[in-house]
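The values are calculated or read from the model by the stated rules, or taken from the named source; none is laboratory data. It should be emphasised that the depicted structure is a prediction, and the values quoted were computed from it without experimental measurement. FYI the Cβ positions are ideal-geometry reconstructions off the backbone, even for glycines, and counts take in every protein chain you see. Remember, those area values only see protein heavy atoms, side chains included, never the ligands or the DNA or RNA. Shrake-Rupley method; radii C 1.70, N 1.55, O 1.52, S 1.80 Å.
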Amino acid sequence: MLSIKNLKASVDDKEILKGLDLEVKAGEVHAIMGPNGSGKSTLASVLAGKDNYEVTGGQVTFDGKDLMDMSPEDRARAGLFLAFQYPVEIPGVSNINFLKTAMNEVRAYNNLPPIEAKEFLRMMKEKQKLVEFDSALANRSLNEGFSGGEKKRNEIFQLAMLEPKLSILDETDSGLDIDALRIVSRGVNKLRSGKNAFILITHYQRLLEYIVPDYVHVLYNGQIVKSGTKELALELEEKGYDWLKESAPAASFH
Amino acid sequence: MENTATQIINSLYDQCIADFEVRSNTAEPEALTALRQKGFQNFKKAGFPSNKVEDWKYVNLTPFLKESFATATEEELVEVPESVIKNAAIPHLDVWTIVLVNGVFRKDLSDTVNQEGVFVLPILEAASRPAFQKHFGTYTDLAKNHFAAVNTALFRDGLFIEIKNNAIVEKPIHVLHINTANEPLFLQPRSLYVVGVSANGSIIESFVNAGANANVFVNNVAEIFVAENANLHHYYIQAGSEKNRYVHHTEVYQQQNSVYNNYKASFPGTSLLRNNLNIALDGENVESHLYGLYLSGGHQLVDNHTIVDHRKPHCQSNELYKGVMKDESTGVFNGKIFVRKDAQKTNAFQQNNNLMLGRKAVVDSKPQLEIFADDVKCSHGSTVGQFNADALFYLKSRGIGEEKARALLVHAFAFDVTEKIPLAEVQDHINHLIEEGLKA
Ligand SMILES: Nc1ncnc2c1ncn2[C@@H]1O[C@H](COP(=O)(O)OP(=O)(O)OP(=O)(O)O)[C@@H](O)[C@H]1O
Ligand SMILES: [Mg+2]
């Protein structure tokens, strides 16, 4: 589904991703861990198409298409979803209007007619329930005045509504209380299928107890320096990252 | 107002002076004749304002006024395509529609307002009414307002609305100001709205163009009297074409416990739009709300000047103007707030925010507070900014295309103003005009 080869990206002439490889197949859940500032959010932003990142090398294909050639909106329409680490507040744009617009743009891209009002409402209800997203929040302006946890939950609510193929969750677990974490995880687990895939960016092993990953990768200094199964997360929890830093190729060697 | 531009705009000035000589033969009530004379003397001395007049610093009128204008259309009843009236209607809103074509009240195109205590007339037909005699020309300073002076001297047409004491107007009065011309036309319509004690109503004014082939300059003056405990919702919806130039002078006078709400929305089209909105809060416990939205495009010049004059204690004014500036348009916001010595416990709020979409668009925003009372709460602020890139990216990352994402953000920006509009149908109408205006 997603194939990243030797991806290099910089911001303001500072190289942040330094030759990153990752393969994600349908049905898989990948976790990416790594110390602060190692480039996890940068990877997510580059995949979503944020324009202040310059891709300087490598290839990314998504369902066989060159992802880097697509506009951010087309990436989303093709089924890529990024749950932001810091979702923005947009006062004056109603959550519902926004979601409906987004869904219809995705549908139009896939040659589907606009969603019917009744079906939309039915879906809203169903997905709100799935992630226990308060309908009072759904009726408000997009993220305006939402608490950190509410914003995260809104990201997952949108994910549930848009039903993307590949979802990247950037620290969705940070800032969630234990109940919210359980609810969000349960939601994600219900959405998992053989046809979609997830990349979970996280600092905490705890999330991976709820959403069990097929692979765990360590991103350090712009590269994946180690990959393993869920046991790797436990090992990281215990030992930290230092033992990996020593074995990692230093930036200056490039 | 010693600065004048008469030299530059000689021909129109001369024409107005000549018109007045002719007009003075018309028989009118004495008081009106005297008022016209006063307007004339002021105009004769001051002429049209040049850039040297502080309030006209940003507007160069010369190119707009130097044409050879007619001051009336030849035909008695100018024809207007039905589609123009239809298009100006506000979908799903039940109103009384009053049509003015080139300032002339058109009974043949208007609804009859058949409610007791509500009177809608051509302005000169009202000249003998007590409400006219009491309020006409009473609140506008002809020595300070060049355009109001010449309008007073020369107006022939316009609208009079009186809402008697305790009358609650059953549905909004929708006034369509349509203009159309085959040769350059200088129009000076005049209105007076008198809202009686404890009366309540909504007046919606739409300014539209019926495919004018020539330039039309409109010097429109409206006076509004809001009596004790009355409540008026007053809307201006300004559209038009490049051939239109508008100077609106709106003078509002409020008595105690009254509420006046002014909602002003303007859209790309008119080459020149100058709004003067002056509100005098001349009684205790008065409330005034001024909500403005200007979406400008092309080479449009949109200039909003407001004066909120707090004269008595315990009053509240609240002003929010938002500008969305496209292309190479120019915007001016000048908001004066006076709090006089007597006006203790005043609460005055003013805010002007601008969203710059065109790289070559410019805006000049100037709040001016003059406070002579000591126990008041006043705040003002003004901002000029661009689209929030993170918000734009967020919307796109959910599949929303560039154009739609921008439209959503413009609606969001305008929302603080549009949400204040109490009639949902008018809100929808204005949102629709925003969408159209963004595409234009
Ligand atoms: N717009 C930017 N301008 C300058 N530097 C940036 C910018 N965006 C990211 N960086 C830098 O790139 C590096 C990687 O940042 P990134 O946000 O990808 O880290 P992260 O792995 O997500 O960290 P965290 O775990 O703290 O979320 C950091 O050193 C950061 O300061
Ligand atoms: Mg991060």
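Sorted from largest down, give the three principal axis spans of the alpha carbons of the protein assembly as shown, whole angstrom values.
101, 55, 50
With a probe of 1.4 Å, find how much accessible area region B:2-388 has per residue, and write the answer as a whole number in Å².
Heavy-atom SASA per residue in region B:2-388 reads 39 Å².
Just the number, please: carbon plus sulfur as a percent of the accessible area of the protein assembly as shown, 1.4 Å probe, no ligands or DNA/RNA counted.
The C+S portion of the solvent-accessible surface of the protein assembly as shown is 47 percent.
If I model a spin label at A:Glu237 and A:Asn97 as a point 7 Å from the Cα along the Cα→Cβ vector, what separation in nanometres do I get?
4.5 nm
Exceeding 28 Å between C-alpha atoms, which entries from my cross-link table qualify? They are B:Lys44/B:Lys366; A:Lys100/A:Lys165; A:Lys125/B:Lys404; B:Lys360/B:Lys420; A:Lys151/B:Lys439; A:Lys18/A:Lys50.
Pairs exceeding 28 Å: B:Lys44/B:Lys366; B:Lys360/B:Lys420; A:Lys151/B:Lys439.
Mind checking the per residue accessible area of chain A for me, 1.4 Å probe, whole number of Å²?
45 Å²
In whole angstrom, and with the biggest value first, how far do the Cα coordinates of region A:31-84 range along each principal axis?
31, 24, 20
Roughly what % of DSSP beta bridges within chain B run antiparallel, to the nearest 5?
On the way: 7 of 141 bridges.
Bridges in chain B that DSSP calls antiparallel: roughly 5 percent.
Whole-Å semi-axes of region B:2-388's equivalent ellipsoid, largest first, each the root of 5 times a Cα gyration tensor eigenvalue?
Working from the Cα gyration tensor, I get semi-axes of 28, 26, 22 Å.
Using alpha carbon coordinates only, what is the Rg to Rh ratio of chain A, with Rh defined as the Kirkwood radius?
0.96
Place a +1 charge on the Cβ of each Lys and Arg in the protein assembly as shown and a -1 charge on the Cβ of each Asp and Glu, then give the dipole magnitude about the Cα centre in debye, rounded to the nearest 20.
Its charge dipole is roughly 600 debye.
Given a Förster distance of 56 Å, report the FRET efficiency between A:Asp12 and B:Asp108 from their Cβ-Cβ distance, rounded to the nearest 0.05.
Efficiency for this residue pair is about 0.25.
At a probe radius of 1.4 Å, what is the per-residue accessible area of B:Asp19, in Å² to the nearest 10?
For B:Asp19, solvent-accessible area is about 40 Å².
Which chymotrypsin sites (Phe, Trp or Tyr not before Pro) in region A:111-159 sit in a loop by DSSP (not H, G, I, E or B) and have at most 14 other Cβ atoms within 10 Å of their own Cβ?
Details: sites: A:Phe120, A:Phe133, A:Phe146, A:Phe157; in loops: A:Phe133, A:Phe146.
Filter output for region A:111-159: empty list.
Looking only at GluC sites (Glu not before Pro) in DSSP loops with at most 11 other Cβ atoms within 10 Å, what is the longest site-free stretch of chain B?
Within chain B, the longest run free of exposed GluC sites (Glu not before Pro) spans B:117-418.
List for region A:94-116: residues with 40 Å² or greater reduction in accessible area, all protein chains versus chain alone, probe 1.4 Å?
A:Phe98, A:Thr101, A:Glu105
Out of the DSSP beta bridges found with both residues in region A:51-199, what percent are antiparallel (nearest 5)? Walk me through the numbers on the way to the answer.
On the way: 4 of 11 bridges.
Antiparallel bridges make up about 35 percent of those DSSP assigns within region A:51-199.
Within 10 Å of each Cβ in peptide A:69-79, how many partner chain Cβ atoms are there on average? Round it to a whole number, please.
Average neighbour count from other chains, rounded to a whole number: 4.
Report for the protein assembly as shown the percent antiparallel among DSSP-assigned beta bridges with both residues inside it, nearest 5.
Counting DSSP beta bridges with both partners in the protein assembly as shown, the antiparallel share is about 15 percent.
Using a Förster radius of 56 Å, what is the FRET efficiency between B:Glu76 and B:Asn388 based on their Cβ-Cβ separation? Nearest 0.05, please.
Result of the calculation: an efficiency of 0.55.
Averaged across the residues of B:383-395, what count of C-beta atoms belonging to other chains lies within 10 Å of each residue's C-beta?
5
Using only protein heavy atoms and a 1.4 Å probe, how much accessible area in total is buried between A and B, to the nearest 100 Å²?
Accessible area lost upon association: around 1900 Å².
Between A:Lys129 and B:Ala143, what FRET efficiency follows from the Cβ-Cβ distance if R0 is 60 Å, with the result rounded to 0.05?
On the way: r = 69 Å, r/R0 = 1.14.
With R0 = 60 Å, the Cβ-Cβ based efficiency is 0.30.
Any chance you could check region A:38-53 for residues losing 40 Å² or more of accessible area when the partner protein chains are in, compared with the chain on its own (1.4 Å probe)?
Residues of region A:38-53 that lose at least 40 Å² of accessible area once the other chains are added: A:Lys50.
Just counting partner chain Cβ atoms within 10 Å, what average do the residues of peptide B:408-417 show around their Cβ?
Taking the mean over all residues of the peptide, I get 4.
Rounded to the nearest 10 Å², what accessible area does B:Ser50 have for a 1.4 Å probe in the complete protein model?
Estimated to the nearest 10 Å², B:Ser50 gives 20 Å².
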